[in-house]
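Structure first, commentary second.
The values are calculated or read from the model by the stated rules, or taken from the named source; none is laboratory data. What you see is a predicted model; the values in this text were computed from it and never measured. Because the Cβ atoms are built from the backbone with ideal geometry, glycine has one as well, and the counts that use them run over all protein chains shown. Protein only, heavy atoms only, side chains kept; ligands, DNA and RNA dropped before computing areas. Shrake-Rupley method; radii C 1.70, N 1.55, O 1.52, S 1.80 Å.
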Amino acid sequence: MATFSLLQKRTESRRVRFRSSRRVPFMPYGFVPAFGLLVLLWIGMGPFAKYVIEQSVIRATEHVIATNDADWARAVVSGQQVWLEGQPSTQMEGEQLVALVRAARMPALFGEERPVTRVRARYGAAITSPTATRKPEWTFRVSGGVMRLEGTVPDDVTRSSLAAAAEGLVDAQNITQVDDFLTVTHVAEDTAYTQVALKGITAVSQCDQGVATFLNQEFSLRCELPNTGVTALQQLIAQPLPIGRLGNVDILSNEAVATCDSSLADLLGGTHIEFALASAEIDPSSNDLLQSVADAAATCPGTLRIEGHTDSMGSANANELLGDARAEAVREALIARGIRADRLIAEGFGARRPIGDNTTAEGRAHNRRIEIRVVRASD
């Protein structure tokens with residue numbers, strides 16, 4: 001009986017060991033959370049990005065094109081990037097559409113957000129046919145003493161009067177030469193339009209550097225001039241327009257621009273705004289610096305461009321995106337500190353504008369930077 005019991009126990013022991021050897025090891029179960037994260041990542045990079053984020057970009061872009069009567073434009077969207085194609089009637093019309101798409105906002109979970117991170121233009125040649133029947137619009141530029149007249153006017157009489165007005169300012173203001181590139185649309189004469197155009201010529205002639213535009217019935221001006229001429233120009237612009245509406249006006253004192261650029265360069269040259277590694281998340285250690293930058297920006301004139309720069313490590317496309325994201329993060333931080341959103345634009349340059357040697361660690365550290373400067377009339 002004892003022998004039988006011992007054999008029975010050994011058999012049972014073997015059975016137990018045999019069943020234990022067939023158990024599924026514990027290790028594969030540890031991959032379940034990782035697999036779940038991969039699924040979420042795939043959803044975020046695939047269906048969510050494609051059908052939520054990208055669709056938001058498409059809707060925002062189409063809305064801007066429709067509300068600004070830019071039927072000539074076609075948008076190609078990939079993720080949060082937009083390429084604008086088509087043939088604008090003027091260079092200014094194309095530039096304005098790029099700016100409007102970049103600034104477009106759409107409803108999001110926590111309020112309105114800008115879904116577009118980058119806008120690029122792939123325009124064809126501008127349509128400048130003299131027989132085109134489109135609304136008059138123009139761009140008058142002054143740079144280096146040369147006034148350049150571009151755009152469309154209703155008739156030959158208007159064109160002659162505008163060219164004569166500009167020529168009459170030669171040697172009397174800052175103008176030494178007039179280049180007339182105006183074309184005629186052959187639509188009915190409009191004396192109110194002529195008055196606005198004459199106001200544009202008078203205004204921009206007072207600038208060292210300047211551009212006056214009348215586009216989509218909106219008059220805009222960017223002008224740099226000595227401080228002594230600012231008040232008179234402001235009074236001229238304040239006079240009511242006979243037609244259209246007043247758009248963005250930046251009258252920049254040369255002295256104020258120089259002071260602003262120098263102040264911001266000193267702040268950001270001595271120390272950098274710090275970000276998490278390969279990220280647009282601003283490190284909390286930069287909060288005091290951001291407040292100092294906001295205080296300086298509040299005293300600056302006009303519009304400020306926040307520029308994001310990187311070193312050359314990694315791909316050019318990744319650096320462009322990182323520069324864009326970091327510039328936008330600083331823009332949002334300054335808005336949170338009281339600077340008006342319409343005074344700030346963000347732009348990334350990636351590694352295209354190095355100030356240090358990218359072959360050394362010290363040089364790369366100098367290249368990873370944020371710069372802020374006043375948007376000049378010549379930009």
Please give me the summed charge of the neighbours of Asn367: other residues whose Cβ is under 13 Å from its Cβ, Lys and Arg +1, Asp and Glu -1.
+1
Expressed in angstrom and ordered largest first, the alpha-carbon extents of the stretch 133-265 along the principal axes are 50, 30, 24
With every protein chain left in place, what is the accessible area per residue of the stretch 228-379 in square angstrom, probe 1.4 Å?
49 Å²
In the neighbourhood of Val170 defined by beta carbon distances under 13 Å, the net charge of the other residues (Lys, Arg +1; Asp, Glu -1) is -4
Semi-axes of the stretch 192-255's equivalent ellipsoid from the Cα gyration tensor, sqrt of 5 times each eigenvalue, largest first, rounded to whole Å?
20, 11, 10
Just order 349-356, 277-284, 213-220 by mean Cβ neighbour count inside 10 Å, highest at the front, would you?
213-220, 349-356, 277-284
A student applying the Cα gyration tensor rule (rounded when a/c is under 1.5; otherwise prolate if a/b is larger than b/c, oblate if not) would label the stretch 242-379 prolate
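Taking the Cα centre of the stretch 214-289 as origin and charging only Cβ (+1 Lys, Arg; -1 Asp, Glu), how large is the dipole, in debye to the nearest 20?
I would put it at about 540 debye.
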Mind putting a number on the dipole of the stretch 339-379 about its Cα centre? Charges go on the C-beta only, +1 for Lys and Arg and -1 for Asp and Glu, and I need it in Debye to the nearest 20.
80 debye
Using a simple charge model, +1 on the beta-carbon of Lys and Arg, -1 on the beta-carbon of Asp and Glu, nothing else, what dipole does the stretch 237-350 show about its Cα centre, in debye to the nearest 20?
480 debye
What distance in nm separates the two pseudo spin-label positions at Gln235 and Asp69, each 7 Å out from Cα along the beta-carbon direction?
3.5 nm
Calculate, in nm to one decimal, what Ala99 and Ser143 gain on full extension: separation in residues at 0.36 nm each, minus their alpha carbon distance.
13.6 nm
Chymotrypsin sites (Phe, Trp or Tyr not before Pro) restricted to the stretch 137-206 and DSSP loop, no more than 14 other C-beta within 10 Å:
none
